[in-house]
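A.B. asks: Okay, here's the structure, questions in a sec.
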Number of protein chains: 2
Amino acid sequence: MTENLSPQPATSPTTASAAAAARAAAAGSGTAAAGTRLDPWFGSYADRAHGMRASEIRALFAVANRPEVVSLAGGMPYLKGLPLDAIATSVAELVATRGATALQYGSGQGDESLREQIIEVMRLEGVSAHPDDVVVTTGSQQALDLVTRIFVNPGDVVVAEAPSYVGALGVFRSYQAEVVHSPIDEHGIVPEILEETLTRLEAAGKTVKLLYLIPNFHNPGGVSISLERRPRIVEIAQRHGVLVLEDNPYGLLAFDGETLPALQSYHPDGVVYLGSFSKTFAPGYRVGWAVAPHAVREKLVLASEAAILCPSNASQMAISTYLATCDWQGQVKQFRELYRERRDAMVGALAEHLPSASWTVPAGGFYTWVRLPAGLDAKAMLPRAVTARVAYVPGTAFYADGSGADHMRLSFCYPTPDQIREGVRRLAGVVSSELDLATIFGTGDADGSPASWSRRSSPDDVQAPGPDLA
Amino acid sequence: MTENLSPQPATSPTTASAAAAARAAAAGSGTAAAGTRLDPWFGSYADRAHGMRASEIRALFAVANRPEVVSLAGGMPYLKGLPLDAIATSVAELVATRGATALQYGSGQGDESLREQIIEVMRLEGVSAHPDDVVVTTGSQQALDLVTRIFVNPGDVVVAEAPSYVGALGVFRSYQAEVVHSPIDEHGIVPEILEETLTRLEAAGKTVKLLYLIPNFHNPGGVSISLERRPRIVEIAQRHGVLVLEDNPYGLLAFDGETLPALQSYHPDGVVYLGSFSKTFAPGYRVGWAVAPHAVREKLVLASEAAILCPSNASQMAISTYLATCDWQGQVKQFRELYRERRDAMVGALAEHLPSASWTVPAGGFYTWVRLPAGLDAKAMLPRAVTARVAYVPGTAFYADGSGADHMRLSFCYPTPDQIREGVRRLAGVVSSELDLATIFGTGDADGSPASWSRRSSPDDVQAPGPDLA
């Protein structure tokens, strides 16, 4: 429990108690407001920047990163199992023998050898593409940004799952898109309701540009789109003329090793596929990619060159060397076993300590999506949870419209099984106190539906997901 | 002359002659047009993407990167002098001992140790800032993108030097800014004309958001803003309420070692300063930074998190280690001497072979800005130059309005002195043939002013600078 779960040192002194700090953090986003009042450039910002401010939960995460807090909030992969000595040796050889290339500017589209290897990685999920279809990006987050940049005008609609990845919602918002959610169940996004959603939006004269989906081990939902639904979803999007944006960082992390075909494989001209090495290898090199229809790919490269000139040769060649010289598939298998053990710890602890909640049981990936007992508000409860030395991400972060307060995302990727069990135990204590309060003061509705549905939070949480929430 | 000047292998077969390939490349951007016709998503792009297409000169650069061509076009630093073995050893130690941090997600603002070191680097140019004022970015290109993103609405004006950096013009254009140029002379941007420009724009009801300046060893102009003009420029911007965007990758590369104070040092609240390790160390890690007033810095971090989540820990820690363990200032001194020798080769060869042209004599940096003899058009001449196995960037690339055809940028950073002399000799041959044609067919005006002024090129060149033109 002494492990620091943050890759960055906390800036506040670690001697103060988490409880005091959580109270202070919860008390106000006063700093940001004061900064704004004193900002001499306040009147100069672009329209798209007006909503940009640190979310309330960011302040709490500074506290949640303290060693005494069990964080079930972050999406950081567990890297201790990586063969660091072998990686060190190969990176040293890379710099010593090919340093003049590794340290130089590279191609805007990305290193050709790495793009060839990416094709092989994607073949495991049924994607057949050519290296020329691939654009390497600074993490798949940059690919998300670039796709949105080239497609979305202010006011255009992006349809996303309900809930959806907080980092994608932040991108869509930064381009002033209107995000419309379409619900998921245990088999992923529901085709019939998606069809209705698109039809309704068309009837309302909306321009729907993208259908953003995380098909495998959804963040935060924990579910996957079933094999049966995949072609149907792609067909619905095609019929409505909507480009599918398939975000797939977790596809190879199925606990049973079974990999479903990518949406892209059903209709390569109708899908932009996003991949990443952040979860199957390591996020620190910031290497992801997009696969896109030819003309779209061409624009993505031009947009990327405007944004960053080119991705890092040093990072790309380090990853290329890792793929070529290490047993990367063996490493992925090891990750799958590690994360399965942690998933088991998570759902076991939930069943033991939080039977009044309900949750998804993910078959892969990093997250479970927990519905709180009626009457509880995950966002309102967070400061008290942090005070009790456990952190999570309230469901509101995963909705563009402020709903989701009755849910929380729990991550099992980074903490050990023991930490997970201890974290859930602490969480159960907080929930129990909250339920006692709810019973006394009657914050639940008479019919048992959660009060939080009627008092939606503001959608501030999606402003700035931050790397903590990856 | 057998050295491949490109970091990427040319895709076309190297057995074909440069001449034939240059003709083919010059013949048409047919591929892009065909791609567009077949693009099923043609009707879906955002307005900002409509202008995104590969510039005509991009096709030529694929040819210019062949080994038989002397490229005076690229902005790649010369890296052979770097202590690659020492860097390899320190990177290996970094991964072996701190790999779990280096390979993990990091802070959106950037590594704190590196930000402290950046403060020390900037102190050499009179910048006194706090590590909290710094945002680390994926090269300073990303900082350019982020500053534009948070300040510029479509139709807002950015005032830039005439000429200006092609990569910045591409960013401004991608945010649908209107770029207005204000001229430079041998002492940098001219204060009196800048004052007039801003006054005229205000009178016309324009919203001027940024004054974009490269104060030291201008790309492509080769000149620096004089010590006397610096406070005047900052004062003019302040009086007109315009934020200065100071782009300073070359400041430490003065051939006499004399460093002028940054514009930021005159008025920290009125300037966003951009720095980079690409020219003083190496570009392959893609690490640059911005220093900004507090509230602006806060928005830059949020915008960067939306764009890429966080910069690469591996890259940042590699640079931090290099700064801490190698004699980086000694290395910069070595670069200065190397580039001075190449500058001397360049201006010597120009005086010998191209006396009919005029050029700036840079006191640092990578570039000289050459004015062709009257009647010649650098853009029209480029295919013939590549056929004669020499490449440059036509002046049109550095203007948002298609002017500049009477100029070219010659880089002396990457080729050896012998290559530079040979390149200029070839270029002189091309110019001489062009002048013969101009004499015979009378493309020059009677009064000797260059015909190219009246036939402006389209501003396509700025669409996609690409890493070749960094």
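The values are calculated or read from the model by the stated rules, or taken from the named source; none is laboratory data. The structure presented is a predicted model; accordingly, all values stated were derived computationally and were not measured. For neighbour counting, all protein chains shown are included, and Cβ atoms are generated from backbone atoms with ideal geometry for every residue, glycine included. We work out accessible area using only protein heavy atoms, side chains counted, and drop any ligands, DNA or RNA first. Shrake-Rupley method; radii C 1.70, N 1.55, O 1.52, S 1.80 Å.
A.B. asks: If you take every DSSP beta bridge fully contained in the stretch B:84-325, what fraction is antiparallel? Give it as a percent rounded to 5. Could the numbers behind the result be given before it?
C.D. replies: Numbers: 11 of 29 bridges.
Here the share of antiparallel DSSP bridges comes out near 40 percent.
A.B. asks: What does the buried accessible surface come to for A and B, summed over both chains, with the probe at 1.4 Å? Round to 100 Å².
C.D. replies: The contact between B and A buries close to 7900 Å².
A.B. asks: Could you grab the Rg to Rh ratio for the stretch B:84-325? Cα atoms only, Kirkwood for Rh. Show your work: numbers first, answer last.
C.D. replies: Details: Rg = 18.0 Å, Rh = 18.3 Å.
Value, to two decimals: 0.98.
A.B. asks: On to the next question. Rounded to whole Å, how close does chain B get to the rotation axis onto A by Cβ? Give me the residue too, please?
C.D. replies: B:92, 2
A.B. asks: Taking the Cα centre of the stretch A:84-325 as the origin and placing charges on Cβ (Lys, Arg +1; Asp, Glu -1), which of A:181, A:215, A:104 is farthest toward the positive end of the dipole?
C.D. replies: A:104
A.B. asks: Of all DSSP beta bridges located in chain B, what percent are antiparallel, nearest 5?
C.D. replies: 50
A.B. asks: Any idea of the accessible area per residue across the stretch A:84-325, 1.4 Å probe, to the nearest Å²? Walk me through the intermediate numbers first.
C.D. replies: Values: 6330 Å² over 242 residues.
Accessible surface, normalised per residue, equals 26 Å².
A.B. asks: From the phi of every residue in the stretch B:42-52, what ³J(HN,Hα) in whole Hz does the Karplus formula 6.51 cos²θ - 1.76 cosθ + 1.60 yield, where θ is phi - 60° and glycine or proline is x?
C.D. replies: Calculated HN-Hα couplings, in order: 3, x, 9, 5, 5, 3, 5, 8, 4, x, 6 Hz.
A.B. asks: Further, regarding this structure: List the distances, in nm and shortest first, from the label point of residue A:120 to the matching label points in every other copy, placing each point 7 Å from Cα along the Cα-to-Cβ direction.
C.D. replies: 4.2
A.B. asks: Let me ask something else. Would you mind listing the distances between the residue B:235 label point and the same position in each other copy? Use 7 Å along Cα-to-C-beta, nm, one decimal, shortest first.
C.D. replies: Ordered by increasing distance: 7.3 nm.
A.B. asks: Residue by residue through the stretch A:344-356, what is 3J(HN,Hα) from phi via Karplus (6.51 cos²θ - 1.76 cosθ + 1.60, θ = phi - 60°)? Round to whole Hz and write x for glycine and proline.
C.D. replies: Ordered by residue, 3J(HN,Hα) equals 4, 4, 5, 5, x, 5, 4, 4, 6, 9, 10, x, 7 Hz.
A.B. asks: Which whole-number percentage describes the relative contact order of the stretch B:84-325, with Cα contacts under 8 Å and a sequence gap of 6 or more?
C.D. replies: 29
A.B. asks: Looking at the protein assembly as shown from every direction and averaging, what is the projected area of its Cα convex hull in nm²? Write out the running numbers ahead of the final one.
C.D. replies: Values: hull surface 146.8 nm².
Hull-based average projected area comes out at 36.7 nm².
A.B. asks: Whenever you get a sec, compute what percent of the accessible area on the protein assembly as shown sits on carbon and sulfur atoms (1.4 Å probe). Spell out each step's value before the answer.
C.D. replies: Values: 16220 of 30700 Å².
C and S fraction of accessible area: 53 percent.
A.B. asks: For a quick check: with amide H placed at 1.01 Å from N, whose amide H comes under 5 Å from residue A:243's, ignoring anything fewer than 5 positions away on the same chain?
C.D. replies: A:211
A.B. asks: Further, regarding this structure: Let me know the Kirkwood hydrodynamic radius for chain B, please, with Cα pairs as the basis and the value in Å to one decimal.
C.D. replies: Numbers: mean 1/r = 0.0434 Å⁻¹.
Hydrodynamic radius (Kirkwood, Cα pairs) of chain B is 23.0 Å.
A.B. asks: Using a 1.4 angstrom probe on protein heavy atoms only, which residues from the stretch B:102-122 are buried by at least 20 Å² of accessible area when all chains are present rather than their own chain alone?
C.D. replies: The answer is B:103, B:104, B:105, B:106, B:107, B:112 - residues whose exposure falls by at least 20 Å² when every protein chain is included.
A.B. asks: Over chain A, what is the relative contact order in percent, taking alpha-carbon pairs closer than 8 angstrom and at least six residues apart?
C.D. replies: RCO, chain A: 23 percent.
A.B. asks: Just flag the GluC sites (Glu not before Pro) in the stretch B:228-259 sitting in loop per DSSP whose Cβ has no more than 14 other Cβ atoms within 10 Å.
C.D. replies: Details: sites: B:228, B:235, B:246, B:258; in loops: B:228, B:258.
Here the sparse-neighbourhood loop sites are B:228, B:258.
A.B. asks: Report the per residue volume, in Å³, of the convex hull enclosing the C-alpha atoms of the stretch A:49-147. Mind showing how you got there, number by number?
C.D. replies: Values: hull volume 20.8 nm³, N = 99.
Each residue corresponds to 210 Å³ of Cα convex hull volume.
A.B. asks: How big is the charge dipole of chain A about its Cα centre, in debye rounded to the nearest 20, if each Lys and Arg gets +1 on its Cβ and each Asp and Glu gets -1 on its Cβ? Can you show the working numbers first?
C.D. replies: Working: 38 positive and 50 negative charges, 197 e Å.
Dipole about the Cα centre, nearest 20: 940 debye.
A.B. asks: Over its Cα atoms, what ratio of radius of gyration to 2.2 N^0.38 Å does the stretch A:140-233 give?
C.D. replies: Details: Rg = 12.9 Å, N = 94, 2.2 N^0.38 = 12.4 Å.
Relative to the rule-of-thumb radius for its length, the stretch A:140-233 sits at 1.04.
A.B. asks: Right, another one. Need one number: % antiparallel among DSSP beta bridges in the protein assembly as shown, to the nearest 5. Please report the intermediate quantities before stating the final value.
C.D. replies: Numbers: 42 of 82 bridges.
That works out to approximately 50 percent antiparallel.
A.B. asks: Residue B:329 label points, 7 Å along Cα→Cβ, one per copy: pairwise distances from this copy to the rest in nm, shortest first?
C.D. replies: Counterpart label points of residue B:329 in the remaining copies fall at 5.3 nm.
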